[in-house]
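The structure appears right after this line, and notes come after that.
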Amino acid sequence: MADHSSSPSETPACNGLTLWRLAQAGRDWLDQHHALVNQLNVFPVPDGDTGTNMLMTMRNAIREVEESGATEHVGQVAARIAHGAMMGSRGNSGTILSQLWQGFAHALKEQKILTPELLAKALREASDTAYRGVIKPVEGTILTVAREAAEAAEEALRDTQDMVEILRRTVLRAKDALARTPEMLPILQKAGVVDSGGSGLVYILEGMLLYLQGQAIQVKEATLAEARDLAETLAPEDELGYGYDVQFILKGENLDVNAIRAAIDSMGWSTLVVGNEQAIKVHVHVHDPGIPLSYGVSLGTLSDIVVENMQEQYQEYVRERASAPSPMPGAPPSLAEIPPIELDEDDIAVVSVASGDGLARVFRQLGAAQLVMGGQTNNPSTQEILDAIQRAATRKVIVLPNNKNIILAAEQAARLATDQQVVVVPTRTMPQGISAMLPYDPKGDLDTVVKAMFQAKDRVVTGEITTATRSVELNGVKVTEGQIIGLIDGSLAVAGDEISQVLREVLERMCSGECELITLYYGNGIDEADARQVSEELSAAYPDQEFEVVYGGQAHYHYIVSAE
Amino acid sequence: MTRILVMTDSTCDLPRAWLERYDIRVVPTYVHFGLESLADDGVQLTRTAFYERLTAHKEVVATSAPPVGQVLEVMSRALAEADHVIALTAPSKLSGIFNTFRLAAEQTAPDRVTLIDSGTISMGLGWLVLMAAERAAAGLSPAAIARDIHQALPRVEVWAALDTFEYLRRSGRVGWAKAAMGELFQIKPIIRLYDGVVSSVTRARTSQRAFSTLVDLVRSAAPHERLAVMHSNFPEGGERLAQALADLSPNTEIPRVNVTPVIGVHVGPHGLGAAVLRSAG
């Protein structure tokens, strides 16, 4: 029977204790990388936490062995691991992982020693069981990685009996299969990632190999930083505050990683303790950094000590967040950063006119496939609108002119686009266009969608604040050239000398009774700080209304306002 | 007479009184705050505590299906007490719960378990679970109950008006909601869950508009055999919605349900919804 200190790589066959150590190493290696695995998630894999789910499953599996204390027969240990995984699995990936262990354990039933033949057989049964564990097995997932890993073990068995070599080739093939998952699953290719569950399995197998090779699982700083996810950096606030982030490397003789992990875990939270009998990396969040450090010194020597005040980190985070671009207002993403809507040929596309780069982003966010820049003083041509309709490349297109002077050009373009079915929803202002976009459904029936957009455009009142280019008297309002004027739904309503004053008067007339939300789109000549100032002043006068300030980027119009 | 027990998962929001009356067995699903995993059983995680924590949102919040072993335990116990188990779960298109139930059934007594993918959640699932339990109590055979449930499935509708896109976008379970973030902060999705698929009905910029859209949707599906109002920690809204729909259910009070945390993770607080079983024929 192998004891703790023997080098596992010299052991030709493994007993239960070795399997337990292998599984622990797999868990620890996954522990260090689970945040990376989380990041690989793409739809349709639900939730962004494949790594977490697999890690929780592995932790439960190992705990089950620890609690049962049965370490002699591989069969027993495998059965405990499988049971623990089954009772503690989380999520789809965890379920599949528990199925893998289920099959693995089944193959080792009644066995005392894990031979190379049995390893290959167990990997094969693991894969088979996992395939049966899902309703519709899909290639390009953890299943493919498990199957190819089993195949590699079987192939390796033909020319070697060396356990390490067999596992090495198994890991190599598993990694190779993982790298090919995007070729098998288009959604992965599109997202530019490999399969997350498959990646988790590779880390588990690789951790096992590292153990067999006698390598300590060293935690590189970079890896540790990556592994610390948002949840850990922003640890729960309690009456004692955020506490300290403590990290160090403990060196000593015959260190018991599990005992140290349990001890450290009892001192604080977000514990990460990995390593071997000679060196252990400790990471923990505590209120008193002295406690884990004193404990470490009692066991050996400490190096690479890092103590950080997380209260400061948190405040930093809050500051960064306050100035973060999105969803907080501020420096918004450029148009190119907002992905355009993806449409099939049979879908309905929207072509929208936008009078500023900010408004263009709003329309894109709401699903407009093609944007035509233009507005009051630079009406786009029929040709420009027609080009956009044709670029949309769908059979059905809805055009939003968003300006009364552009409606005719849009209708002209619609008639010229003979290969497509084009409908103009005659929106007269930018806010009307935005309101019309709300019920837009690319997969809907064209008549139904057009009807809904028609109704929606009139649910908003538009105010526009600009500078008069000539003197005039209209609707009983007398205007001198250079004065600030306010229009409501296209009609001259107010004239004055100050932007904020005119804006206030316009709002007074727009927002009577039912209005709930006021949105201010500020133009390219207005400072963001000014816009926020104006909004704050106005919101004091309208305590029951919500205000939203959005960069519109339009020329000439200081503000476009919508009330709904 | 065949003794039948009905089993479901915690995405079923059927009020406790009904669960107790029919001895319905519920397997909790899980909510994760970072690496902390809490059972959605009303004990480890109460609704009030959950929404407080969710809105503080310093943590990555996610949900997961129960372990097969846990389903196995509940199912084995039910099979020991009854001749047959009818299990209804959240949609297999949205969650792994159905699969964990399937694996558990395979490991117990597949011929004594009838497993149904309900395609719906919350009170949509609740109405189906109640239907199964009522029929079991009335002495119907498992086959007859399963037939009735399958006939009722297409008549179940769930709609919701969410306060924000944010939680749906973060959840990742709904593909089209992923890119929904941008310049405008005030965008309220009005969504439909039908046959396991979440689709966008429309969007609103004001809560009044969202509310009236929801009312219109519920009215468009009348007459109803069953009608329930849901809210995510928004009892005043739920009350207002129930009032606005009261005439549709003249003889019985419309149940108001605060949706369970595992759903709350994906919809966020301050949402309203309705679950309807349309009348047959």
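The values are calculated or read from the model by the stated rules, or taken from the named source; none is laboratory data. Computed from a predicted model, the values in this text were never measured in an experiment. Note: ideal-geometry Cβ built from the backbone for every residue, glycine included; neighbour counts use all protein chains shown. Quick note on the areas: whole protein, heavy atoms, side chains included, nothing else; ligands and nucleic acids left out. Shrake-Rupley method; radii C 1.70, N 1.55, O 1.52, S 1.80 Å.
Could you order A:509, A:59 so the one with the most accessible surface comes first? Probe is 1.4 Å.
Values: A:509 140, A:59 65 Å².
Accessible-area ranking of A:509, A:59, largest first: A:509, A:59.
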Between residue A:108 and residues 5 or more places away or on another chain, the pairs with built amide H atoms under 5 Å apart involve none
Under a GNM of chain B (C-alpha, springs under 10 Å), which listed residue has the highest mean-square fluctuation: B:61, B:257, B:156? B:61
Among the lysines, select those whose C-alpha is under 22 Å from the C-alpha of residue A:121, and discard any that sit fewer than 8 residues away in the same chain. A:109, A:112, A:175
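May I ask you to give the percent of accessible area on the protein assembly as shown that is carbon plus sulfur, with a probe radius of 1.4 Å?
Details: 17390 of 34460 Å².
Its accessible area is 50 percent carbon and sulfur atoms.
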Roughly what angle does helix B:142-152 make with the longest principal axis of chain B, taking Cα atoms, 0 to 90 degrees, to the nearest 10? 20 degrees
With 20 Å as the limit, write out which pairs from A:136/B:93; A:404/A:457; A:396/B:93; A:457/A:478; A:396/A:451 have Cα-Cα distances beyond it, or answer none. A:396/B:93; A:457/A:478
How much accessible area is lost when chains A and B come together, counting both sides, with a 1.4 Å probe, in Å² rounded to the nearest 100? 4400 Å²
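Would you tally the net charge around residue A:555, using a Cβ to Cβ cut-off of less than 13 Å, leaving residue A:555 out, and scoring K and R as +1, D and E as -1?
Neighbourhood net charge equals -2.
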For chain B, whose charge dipole is built from +1 on Lys and Arg Cβ atoms and -1 on Asp and Glu Cβ atoms, the candidate among B:44, B:152, B:8 with its Cα farthest towards the positive end is B:152
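So which GluC sites (Glu not before Pro) in segment A:65-99 are both in a DSSP loop and have at most 16 other Cβ atoms within 10 Å of their Cβ?
In loop regions of segment A:65-99 (DSSP not H, G, I, E or B), the sparsely surrounded GluC sites (Glu not before Pro) are A:72.
Helix-only mean residue ellipticity at 222 nm, chain B, DSSP H runs n ≥ 4 weighted -39,500 (n - 2.57), per residue, nearest 500. What is it? Display every interim value, and only then the final one.
Details: 10 runs with 106 residues, N = 281.
It lands at -11500 deg cm²/dmol.
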Quick check for you: with a 1.4 Å probe and neighbouring chains kept, what is the accessible area per residue of segment A:461-563, in Å²? 47 Å²
Give the cross-link partners of residue A:190 among the lysines, using a straight C-alpha distance below 16 Å as the criterion and excluding same-chain residues fewer than 8 apart. B:178
I need the phi-derived Karplus couplings for segment B:130-137: 6.51 cos²θ - 1.76 cosθ + 1.60, θ = phi - 60°, integer Hz, Gly and Pro marked x. 5, 4, 4, 5, 5, 5, 5, 5
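Using alpha-carbon pairs under 8 Å, 6+ residues apart, how would you state the relative contact order of chain B in percent?
21 percent
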In sequence order, calculated HN-Hα J values of segment A:486-500 (Karplus, 6.51, -1.76, 1.60; Hz; x Gly/Pro): x, 10, 10, 6, x, 9, 4, 10, 9, 9, x, 9, 10, 4, 5
What are the residues of segment A:429-472 that lose 50 Å² or more of accessible area, with a 1.4 Å probe, going from their chain alone to all protein chains? A:438, A:459
Can you give the angle from 0 to 90° between the axis of helix B:68-81 and the longest principal axis of chain B, with both taken from C-alpha atoms, to the nearest 10? 50 degrees
Short version: ³J(HN,Hα) in whole Hz for each residue of segment B:13-27, in order, from phi by Karplus 6.51 cos²θ - 1.76 cosθ + 1.60 (θ = phi - 60°), x for Gly and Pro, what are they? 9, 4, x, 3, 4, 5, 4, 6, 4, 9, 6, 7, 9, 10, 8
Assigned charges on the beta-carbon of Lys, Arg, Asp, Glu; segment A:349-459 dipole about Cα centre (debye): 180 debye
